Amino acid sequence: MNIRQADTQQQIQFFCDNFRAIHTEVSRMMVGQQAVIEGVLTALCAGGHVLLEGVPGLGKTMLVSSISRAVNLPFSRIQFTPDMMPADIQGTSVLMETESGGHELTFQPGPIISNLVLADEINRATPKTQSALLEVMQEKQVTVGRRTIKLDEPFCVMATQNPVDQEGTYPLPEAQLDRFLFKLVVGYPTEADYHTIIDRTTSGETIELNAVASGDILNDMRFIVRNIPVTEAAKTFAIRLVMGTQPQSAYAPQAVNDCVALGSSPRGIQSLMLAAKVQALLAERSEVIEQDIRAVATAVLRHRLVLNFKAQASGIDADSLIAQVLEGLQ
């Protein structure tokens with residue numbers, strides 16, 4: 001059966017079955033972090049990129065590699081360093097010897113040419129190298145010299161950064177942060193999770209993940225997400241929510257006017273809609289409602305707010321400001 005021609009209920013069931021199968025398989029390897037796993041899979045199904053923030057050793061790399069095995073997609077890892085150049089990511093042309101003894105330029109693709117890309121410690125790369133990702137993340141193509149390479153779908157960049165270590169780092173510019181659908185904060189495990197981690201990682205137990213989905217299935221899931229309708233009430237709520245993050249707008253609370261230098265761009269509302277559609281599907285509903293938007297608002301908007309000095313001096317973060325905007329839209 002062609003799922004794209006199936007009725008709405010069949011599409012919803014198809015989406016939920018595959019999402020839960022991937023989630024369950026990844027959870028066999030990852031201990032705890034259920035909200036983070038769901039967030040990364042939501043971004044993957046919505047066709048967006050995700051930024052994972054957390055201290056080293058919390059399993060961010062393991063999460064991305066586990067997803068690649070569960071969905072049977074090519075996976076590459078880029079460990080960013082200050083001396084990395086754009087060609088190290090995109091690839092370059094090298095002179096190769098031919099069978100006849102001559103030489104020809106042959107393009108050697110870089111690690112960005114994959115389906116799932118882990119950009120580890122992305123804030124350690126220089127601005128020049130970070131900018132090499134902008135075209136890839138937005139246009140889903142790589143331009144090297146006169147060559148333009150379209151990337152195969154599904155394509156997703158999952159980047160990590162350490163929020164504590166600031167030496168030798170280059171903060172991501174707003175233009176690049178805006179290209180991430182989600183920013184997820186990876187926290188410490190619970191006490192029970194630590195027991196499981198010890199049992200799994202310090203014994204002879206080996207966990208082999210199985211492929212429970214494929215690239216074609218993910219593309220079908222993205223098709224279903226795009227075709228979920230949004231109620232007018234939900235659209236209005238999302239618009240007012242985004243406007244509420246913009247200083248001096250009609251829906252901005254006083255805290256936003258006082259503490260925010262720049263609010264969310266229109267790309268924020270696009271991300272809100274796509275992520276909310278995934279939430280609606282997981283609740284087995286055929287349309288997006290306000291509840292779905294509230295569920296994803298913090299993860300979608302927290303990296304799109306630029307706070308001023310007053311907010312930083314007062315210890316006010318983006319999450320608390322988004323909470324105030326949501327509260328004002330009751």
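The values are calculated or read from the model by the stated rules, or taken from the named source; none is laboratory data. All figures in this text were calculated on a predicted structure; none of them were measured in a lab. Using ideal geometry, Cβ is built from the backbone for each residue, glycine included, and neighbour counts are taken over all protein chains shown. Each accessible area value is taken on the protein alone, full model and side chains, heavy atoms only, with ligands, DNA and RNA left out. Shrake-Rupley method; radii C 1.70, N 1.55, O 1.52, S 1.80 Å.
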If a residue must be surrounded by 14 or more Cβ atoms within 10 Å (Cβ to Cβ) and in contact with a Ser or Thr (Cβ under 8 Å, 6 or more places away or on another chain), how many such residues does segment 91-106 contain?
1
So which residues in segment 293-323 are of a type in the set (A, V, I, L, M, F, W, C), surrounded by 20 or more Cβ atoms within 10 Å (Cβ to Cβ) and more than 29 Å from Gln13 (Cβ to Cβ)?
Leu301, Leu305, Ala311, Ala318, Leu321, Ile322
Closer than 22 Å to Glu205 by Cα and in contact (Cβ under 8 Å) with a residue 12 or more places away in the chain: which single residue out of Ile37, Ile67 fits that description?
Ile67
Looking at Ala283, Ala318, can you tell me which residue is without any contact (Cβ under 8 Å) to a residue 12 or more places away in the chain, under 26 Å from Cys45 (Cβ atoms) and touching a helix residue (DSSP H, G or I) at 6+ places or on another chain (Cβ under 8 Å)?
Ala283
Contact list please: Cβ distance under 7 Å, first residue in segment 243-260 and part of a loop (DSSP other than H, G, I, E, B), second residue basic (Lys, Arg) and open to solvent by 10 Å² or more (accessible area, probe 1.4 Å), pairs at least six apart or on different chains.
Tyr251/Arg240
Any chance Leu151 is under 16 Å from Ala43 (Cα atoms) and modelled with pLDDT of 85 or more:
no
Within segment 281-292, which residues are among the hydrophobic types (A, V, I, L, M, F, W, C), within 15 Å of Gly39 (Cα to Cα) and buried (at least 24 other Cβ atoms within 10 Å of the Cβ)?
Leu281
Give me the residue from segment 150-207 that is β-branched (Val, Ile, Thr) and closer than 14 Å to Gly57 by Cα and, out of that set, nearest to the chain's Cα centre (by Cα).
Thr160
